[in-house]
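Right, one structure below, let's go through it.
Just so you know, all these numbers are worked out from the coordinates, no wet-lab data involved. Computed from a predicted model, the values in this text were never measured in an experiment. For neighbour counting, all protein chains shown are included, and Cβ atoms are generated from backbone atoms with ideal geometry for every residue, glycine included.
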Amino acid sequence: MCGIVGMVFKNPFSARDALTSLKRLEYRGYDSFGIADSNGRIQKFVGEIDETKAGDRLVNTTITHTRWATHGNVTEANAHPHTDCTGSIAIVHNGIISNFSEIREEMKAEGHRFASETDSELIAHFFEGKNIADSIPPFFAKFKGEYAVLLIKKGEDAIYAFKRGSPLVLGIAQDGYVLASDIYAFSDRTGNAVFFNEDEFAVVGKNGYEFYKVNGKLEPSEKQVTAFKWMAEETKKDYEHYMMKEIKEIPEASRRLLDSLEAEQRESVESIVSLVRNAKRIVFVASGSSYHASLLGIQFLRRAGVEAHAIVASEFKNFTLIDENTLVVAVSQSGETMDVIEALHGIKARGVKIASLVNVPYSTVQRMSHSHINICAGQEVAVAATKTFVNQVLAMAYIASLLGYAMDMRSVTGVFNSVFAQEARIKDVAKTLATARDIYVLGRGFSYPVAREIALKLKEITYIHAEGMMAGELKHGTLSLIEQGTPVICLAPKGDNDIMSTAHEVAGRGANVIMFSDEARGGIKIDSTGKVSFSVMAAMAGQLLTYYIAREKGLPIDKPRNLAKSVTVK
Ligand code: AGP
């Protein structure tokens, strides 16, 4: 997954400004970056975006790219933009060309010379010496896979933009236009956007734009301008990392969500509750932390008497119980996770209803849904999902409470601050775990999804191998891995005696047992009022623990290696 931004303005702007806009999409990938302008200048760099590197030359049209490497190593040559043999066409691309090997061989035979190992470079060579618009239908016919592409020609102040599979949106600013992977690239400039649909092409110039449907030929298409609201990005304020800022925002973000669900999103909530009531089966589809939130969601719904399943998005095609009696609930903070989008493709045609819980407004997943709820967490910059995970869980609990699951949402959110009272203790525990090789996190019932979520946080932020699992399963094999000093985190809500016997089992084999429970007992105190609040508070404590371990290890907390915030490739 990568981030692309194109800018074309009536008045010249500095190349540095172009990279500043690109930096707002850095969470989509940060291996390398580059910029091309309509004067034919191209600059490419390995590493995170440094806007100063572009210098302050004045330009009218730019395309920029921040990369998360798929085809080809992280090198300057593989950084975008890429050009054709003549250097007069430059492109940036987000997505994957699935038939790139055969196309590359064909082009080589035609005499094209390639400067990179990437699939993306083939796109520039395809348009070499051709009329761009005339060549769009043949391009869509030839190139398989996903792509959002911005193309410029030397000496021309226009951007050619086309999309299949990967997200692309046009921002309508005061004196020009911004094309980008998502609205966040330009939400500081405008609240008006035009969203690309599948197989669409647009020519965007200084004075206007034209959209076309690509259907074997170009068919002009009328497009609606959508007004959107998105919170202005705040800086890290006085926090050292976005991850800590976003954890500390949880109490405020959860209140904002509940206020919204009871007021401006009430209609959406009622629509989703009605979809649940009319469905025979509810199937959550999600990835990563959103999947772990969904594992809690199915527990809440089952306690309201609703049959529910949670399927990992990348495995969804193997799940067969999908028909007109099914409601699929897509859970995705970015709303751009390709595994989730792929899962949703084609199911509407089978009569399946789609609801979604998203954080980024007007994201692709939202626009594929019959009904959606925004989880109102505000922008989450750190790769690690923290406040968005909590708000996803609360949104699902809220819907379940309207379907009969008796729980008091306000009492749940009212206790979150007590986790922060444990911060010094959590920091001390983190110091003892910084050198761990493996960490096990055990939970039962509502705490099992939290065990998996804490293990994921540990892996992605501290680079320590961690396993989150059902406590009852440990004795069926994994117990053999417990040695003297192995750290085992046990999530022990009030009254869960079974987890206590598991804790004794591992302690008896020399494990370093760390209890998350209502009594400190040398571990971390979770002062909860019930199962839902325990789950959320244990997750928050796990987020803080992960943060402090990674900080102790001096790791890049907001941008961990190999990862990106929005996984827009399969
Ligand atoms: C969570 O900390 C990770 N960043 C990752 O697992 C993430 O939850 C997953 O990629 C799903 O993202 P989404 O919610 O935007 O779909």
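Considering all C-alpha pairs of the range 1-89, those separated by over 15 Å amount to 52%.
Helix 100-109 and the long axis of the chain differ in direction by around 20°, with both axes built from C-alpha atoms. Cα-based radius of gyration for the range 70-148, normalised by 2.2 N^0.38 Å, reads 1.00. For the range 126-181, the fraction of alpha-carbon pairs lying more than 16 Å apart is 49 percent, rounded to a whole number. One way to sum up the overall shape of the range 209-269 is the equivalent ellipsoid from its Cα gyration tensor, whose semi-axes run 38, 20, 10 Å, largest first.
Convex hull volume of the C-alpha atoms in the chain, normalised per residue: 152 Å³.
Take peptides 277-288, 425-436 and line them up by average Cβ neighbours within 10 Å, highest first, as a rough protection proxy. Could the numbers behind the result be given before it?
Numbers: 277-288: 20.4, 425-436: 16.3.
Result, highest mean Cβ count within 10 Å first: 277-288, 425-436.
Computed over the range 390-433, the P(r) curve from all C-alpha pair distances, binned at 5 Å from the origin, holds 5, 18, 20, 16, 12, 12, 10, 6, 1 percent per bin.
A crude spin-label estimate for the pair Phe228 and Asn278, with each label 7 Å from Cα along the Cβ direction, gives 2.8 nm. Over the range 435-570, the fraction of Cα-Cα pairs per 10 Å bin, rounded to whole percents and listed from the shortest bin up, is 13, 44, 32, 11, 1. Listed peptides 343-350, 186-193 appear in the order 186-193, 343-350 once ranked by packing, highest mean of other Cβ atoms within 10 Å at the front.
Just how large is the dipole of the range 1-82 about the Cα centre, in debye to the nearest 20, putting +1 at every Lys and Arg Cβ and -1 at every Asp and Glu Cβ? Present the calculation step by step, with values, prior to reporting the outcome.
Working: 10 positive and 9 negative charges, 40 e Å.
Magnitude of the dipole: close to 200 debye.
All other residues whose Cβ lies under 12 angstrom from that of Ser32 are scored, Lys and Arg at +1 and Asp and Glu at -1, for a net of -2. When Rg and Dmax are taken over the Cα atoms of the range 241-386, they come to 14.8, 45 Å.
Out of the range 80-126, which GluC sites (Glu not before Pro) are coil in DSSP terms and have no more than 10 other C-beta atoms within 10 Å?
Working: sites: Glu102, Glu105, Glu106, Glu110, Glu117, Glu121; in loops: Glu110, Glu117.
For GluC sites (Glu not before Pro) across the range 80-126 that sit outside H, G, I, E and B with at most 10 neighbouring Cβ atoms in 10 Å, the list reads Glu110.
Checking the table Lys108/Lys154; Lys53/Lys229; Lys108/Lys223; Lys317/Lys531; Lys23/Lys213 against a 27 Å threshold on Cα-Cα, which pairs fail?
Numbers: Lys108/Lys154 24 Å; Lys53/Lys229 32 Å; Lys108/Lys223 39 Å; Lys317/Lys531 33 Å; Lys23/Lys213 30 Å.
In this structure, Lys53/Lys229; Lys108/Lys223; Lys317/Lys531; Lys23/Lys213 exceed 27 Å between Cα atoms.
Quick check of the Kirkwood formula: for the range 320-389, what is the inverse mean of 1/r over all pairs of different Cα atoms, in Å? Walk me through the numbers before you get to the answer.
On the way: mean 1/r = 0.0803 Å⁻¹.
Hydrodynamic radius (Kirkwood, Cα only) of the range 320-389 equals 12.5 Å.
Helix 132-142 and the longest principal axis of the C-alpha atoms of the chain enclose an angle of approximately 50°. Report D for the range 89-207 in µm² per second (integer): Stokes-Einstein, Kirkwood Rh on Cα pairs, 10 °C, 1.306 mPa s. Estimated diffusion coefficient is 106 µm²/s. About the centre of its Cα atoms, the chain shows a dipole size close to 520 debye [charges on the beta carbon of Lys, Arg (+1) and Asp, Glu (-1) only; nearest 20 debye]. Computed from point charges on the beta carbon alone (+1 for Lys and Arg, -1 for Asp and Glu), the dipole magnitude for the range 206-349 about its Cα centre is near 220 Debye. The ratio of the alpha-carbon radius of gyration of the range 361-425 to the globular-protein estimate 2.2 N^0.38 Å is 1.36.
Using a cut-off of 11 Å between beta-carbons, work out the net charge of the residues near Gly495 (Lys and Arg +1, Asp and Glu -1, Gly495 not included). Combined, the nearby Lys, Arg, Asp and Glu give -1. In the range 174-282, the C-alpha radius of gyration followed by the widest Cα-Cα span (Dmax) gives 19.7, 54 angstrom.
When peptides 244-252, 221-229, 310-318, 129-137 are ranked by their average number of other Cβ atoms within 10 Å per residue, the highest-first order is 244-252, 310-318, 129-137, 221-229. Other residues lying with their Cβ under 13 Å from the Cβ of Ser332 contribute a combined charge of -3, Lys and Arg counting +1, Asp and Glu -1.
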